[in-house]
Amino acid sequence: MSLKNINVLIVDDDKEIRDVLHVYLRNEGYHVLEAEDGLQALQLLQQHEVQLIILDVMLPKLDGIAACLQIRERSAIPIIMLSAKVESLDKITGLSTGADDYVTKPFHPVELMARVKAQLRRQNFLSLREEEPSEIHIGDLSIHKKQHLVKVRGAAVSLTPIEFSILELLAANRGQIFSVGKIHECVWKEQTPFFSDNTVMVHIRNIREKIELVPRKPQYIKTVWGVGYKIEK
């Protein structure tokens with residue numbers, strides 16, 4: 001897909017932020033759509049094919065969390081959340097609702113552009129991988145790459161695209177320990193100083209909540225303290 005065919009939707013009620021991001025995105029070659037509230041964003045998604053969403057948390061009419069939940073009911077579009085809130089709980093909430101990344105305000109547009117590129121590269125990588133009709137089975141856990149489907153004890157589990165990629169990475173390389181930085185590099189397809197260790201750890205926590213019987217005593221994703229994470233052979 002060429003850059004001119006990539007639509008990025010900015011959802012923020014602050015016109016100055018929308019204007020700045022619009023300029024940076026257009027300079028990168030992307031086509032830009034804008035919405036100032038969650039309801040308008042949902043309407044635009046019905047009218048246009050969008051490859052990435054930059055979504056503010058605090059929005060009128062329909063906030064970013066609620067909008068993200070509705071988007072995730074029907075789409076795996078990469079979502080980068082923006083928020084002035086820096087507390088860990090807010091970040092966990094944003095990622096738990098299906099966001100792929102989380103950026104706190106104030107931020108530098110160059111950092112956000114790096115994250116946009118990383119998400120688009122990752123999405124393209126996933127599209128290529130989905131052509132491979134392969135499956136991974138580990139005990140009661142099954143990962144169906146082509147269908148982008150995960151089942152635990154026969155029941156389908158809903159994972160976000162990032163969560164699926166992390167689980168697939170660990171499952172495809174059983175016995176290998178991945179540091180937080182290496183997981184970020186492999187999944188986000190980006191070596192960048194802007195990534196947060198906590199972002200990866202929140203995604204790991206979310207995966208465990210969905211696939212483990214007892215998340216505090218994980219059967220699948222093991223923590224190697226001071227080193228990283230792995231799935232045993």
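Any read-out appearing in this document is the output of simple, stated calculations on the displayed coordinates, not a laboratory observation. Just so we're clear, the structure is a prediction, and the values are computed from it rather than from any experiment. Positions of Cβ are generated from backbone atoms using ideal geometry, with glycine treated the same way; all protein chains shown enter the neighbour counts.
Observations on the structure shown:
- Legend: ranking of residues F107, F178 from fewest to most surrounding C-beta atoms inside 10 Å; resulting order F107, F178.
- In summary, the lysines within cross-link reach of K61, defined as a Cα separation below 20 angstrom excluding same-chain residues under 8 places away, comprise K15, K85.
- Using a cut-off of 30 Å between Cα atoms, the listed pairs K105/K189; K105/K182; K105/K222 include K105/K222 as exceeding that distance.
- CD proxy at 222 nm, helix term only [per DSSP H run n ≥ 4: -39500 (n - 2.57); per residue of the chain; nearest 500]: -13000 deg cm²/dmol
- Whether segment 133-231 is rounded, prolate or oblate, judged on the alpha carbon gyration tensor where a/c under 1.5 counts as rounded: prolate
- Counting only DSSP beta bridges whose two residues both lie in the chain, roughly 50 percent are antiparallel.
- Ranked V227, V214, criterion: other C-beta atoms within 10 Å, fewest first: V214, V227
- Top of R72, R216, R115 by mean-square fluctuation, Gaussian network on the chain, Cα under 10 Å: R216
- Global form of segment 3-127, assessed from the alpha-carbon gyration tensor, a/c cut-off 1.5: rounded
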